[in-house]
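Here's the structure we're looking at; comments come further down.
Every read-out reported here was derived from the displayed coordinates using simple, explicitly stated rules and does not represent laboratory data. Here the structure is a predicted model, which is why all the values come from computation and not from measurement. Here Cβ is always computed from backbone atoms with ideal geometry, including for glycine, and neighbour counts include all displayed protein chains.
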């Protein structure tokens, strides 16, 4: 074999190229130093990743905390932006509803004016043409409503019985009958009457009793056996509280209460007297009137009161 066969080949472990024996001999005892260097490098290489991993772990926790804070800040910003957009959308929808109602009202008014103008050009009666759109039943209901309104137009106090009757009529308009509860009560009364007919011989008397329980008049002897529901009791209490609140806030309109005594004969004279009292007049005649009112009003007050009461001679 040749000398070259004794040269070790490069291995994956060492990763060195082939070298001659001379070069290897020249290196001599430096092999141990090289191995020591490799060992030291290996130790340093193994120690360095540990240090980096430990420091990298601390950096990762800090980065995660910063990232979490940034996400929370974005979440707060998005919540505030969403709330702002929601409020803006709500206001826009509210404005849109009002604007749509206003435009619809204007449109109906414009259509009414256009129809009235067209009817005038054609020589037609607009009211008569409008009445063709109503049925006989609707016309009868309208006439009844107007007649009832005219009957109730008398707001003067006559007596307690008349006031109680007016109050009763108004309360009747607010009553909304519960037809379902009435039907259930009717079925219960009739079923009770039919059950009594099956188990007794006096069928006619039992039927009369069931009918009296359902339809009672002033001559019935059945009283105090009705048990109202909680909703009915709350409805009655609410109605009484509403009447008390309305009565406490009611104030009859009194004309000329702020002005005091009536010293005028018509609206023009009232305005004239108001202007005279507000600013000193320059005309001699008006000045004389003001002086007379100033000096003689306290003597004529009793006479005016007597005329108002109707007790003047």
Points 7 angstrom from Cα along the Cβ direction at residue 121 and residue 156: gap in nanometres? 5.1
Taking neighbour Cβ counts within 10 Å as the exposure measure, how do 75, 190 sort from fewest upward? 75, 190
Using 1/(1 + (r/R0)^6) with R0 = 41 angstrom and r between the beta carbons of residue 145 and residue 299, what's the FRET efficiency to the nearest 0.05? 0.15
Quick check: pseudo-label points 7 Å beyond the Cα along Cα→Cβ at residue 174 and residue 95, how many nm apart are they? 3.9
Among 263, 303, which comes first, second and so on when ranked by fewest other beta-carbon atoms within 10 Å? 303, 263
Between residue 225 and residue 80, 0.36 nm times their residue separation minus their Cα-Cα distance comes to what? 46.1 nm
Report the label-to-label distance for residue 237 and residue 88 in nanometres (one decimal), using points 7 Å from each Cα along the Cα→Cβ vector. 4.8
Treat the count of other C-beta atoms within 10 Å as a stand-in for reagent exposure and order 132, 142 from fewest to most. 132, 142
Contour minus Cα-Cα span, residue 132 to residue 105, at 0.36 nm per residue, comes to 7.4 nm
Please give the FRET efficiency for residue 307 paired with residue 218, using the beta carbon to beta carbon distance and R0 = 51 Å, rounded to the nearest 0.05. 0.50
